[in-house]
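Here is the structure we will look at, set down as structure tokens.
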Amino acid sequence: LRHPILRPNLEFTFTANIFNSILFSVFLLFAVRHLSLSARQIGAVFVLANVGSLLGAFLVTRLQRLFGIGRVMLVTAFSGWALLLIPFASGSTGIPLLALGLLSWGTGAVIYNTTSITIGQATTPDRLMARMNASRRLVAWATIPLATLAGGLLGTYIGLEATVLIGAGGRALAGLIILASPVRSIRTLADADELMEPFNASLAAQLSPSQ
């Protein structure tokens, strides 16, 4: 909770997963009932969207070297803004806006996750690696079933369009967490180590035997 890199990363992932789960809990219903898309059309949208995941995996290392780790994380943390295209999709713009929104979001999500996990592991001692990963996944993944249930309830009582808008809007603003954190200033792993020095010194002092 005091880690200058892991904490904001976890806060972002926690928040992003909540609003992602709210949105995608009703996404298929929204596509069928609001946009009248067929199963084939929805499948085509997901195929186009998953191109973003492949694109993100292909670009991540190059982008890190070109712009720096922190800037890449900051920009891709805000990739959720692309999801705002979804609640405004209608008629002939439905499929293009859905595909573009999911493609852009998927690209950013893969780049952010890859970079976030890399920097987290690089700044964690080997003896704590399993504990760190387990704690991170517990917090990040525990949100998904609860937020999915919340999305279903929202879709039932306030409507699909409003629920999709809440999910997309919340995910779009989640990037503010990284903007307000020192993570955005990291360019290389050496910068991350420098950022960690005060934390490591404080931790060492707490763990050292009393004189």
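The values are calculated or read from the model by the stated rules, or taken from the named source; none is laboratory data. Keep in mind the model is a prediction, meaning the values are calculated, not measured. We place every Cβ from the backbone using ideal geometry, glycine too, and count neighbours over all the protein chains shown. Ligands, DNA and RNA are stripped out before the accessible areas are found, and what is left, the full protein with its side chains, is counted by its heavy atoms. Shrake-Rupley method; radii C 1.70, N 1.55, O 1.52, S 1.80 Å.
Does segment 127-136 hold any residues that are of a type in the set (K, R) and surrounded by 12 or more Cβ atoms within 10 Å (Cβ to Cβ), and which are they? If the condition is that a residue be of a type in the set (K, R) and surrounded by 12 or more Cβ atoms within 10 Å (Cβ to Cβ), then R136 is the only one that fits. Would you mind telling me which numbered condition in (1) touching a residue at least 60 places away in the same chain (Cβ under 8 Å); (2) open to solvent by 40 Å² or more (accessible area, probe 1.4 Å); (3) assigned to a helix (DSSP H, G or I) R2 fails? Going through the list (1) touching a residue at least 60 places away in the same chain (Cβ under 8 Å); (2) open to solvent by 40 Å² or more (accessible area, probe 1.4 Å); (3) assigned to a helix (DSSP H, G or I), R2 breaks only (3). What about I117, is it crowded, with 19+ Cβ neighbours inside 10 Å and of a type in the set (V, I, T)? Considered against the rule, which asks whether it is crowded, with 19+ Cβ neighbours inside 10 Å and of a type in the set (V, I, T), I117 comes out as no.
Quick grid of which residues meet (1) among the aliphatic types (A, V, I, L, M); (2) part of a helix (DSSP H, G or I); (3) closer than 24 Å to L173 by Cβ; (4) over 19 Å from the mean Cα position of the chain (by Cα):
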residue	(1), (2), (3), (4)
N20	no, yes, yes, no
F30	no, yes, yes, yes
L37	yes, no, no, yes
V45	yes, yes, no, yes
V51	yes, yes, no, no
F58	no, yes, no, no
L63	yes, yes, yes, no
R71	no, yes, yes, no
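Residues in segment 71-92 that are open to solvent by 10 Å² or more (accessible area, probe 1.4 Å) and under 20 Å from F24 (Cβ atoms): T76, F78, S79, W81, A82, L84, L85, P87, F88, S90. The set of residues from segment 137-180 being of a type in the set (S, T, N, Q) and open to solvent by 70 Å² or more (accessible area, probe 1.4 Å) comprises just one member, T156. Here R187 qualifies as touching a helix residue (DSSP H, G or I) at 6+ places or on another chain (Cβ under 9 Å) and within 23 Å of T115 (Cα to Cα).
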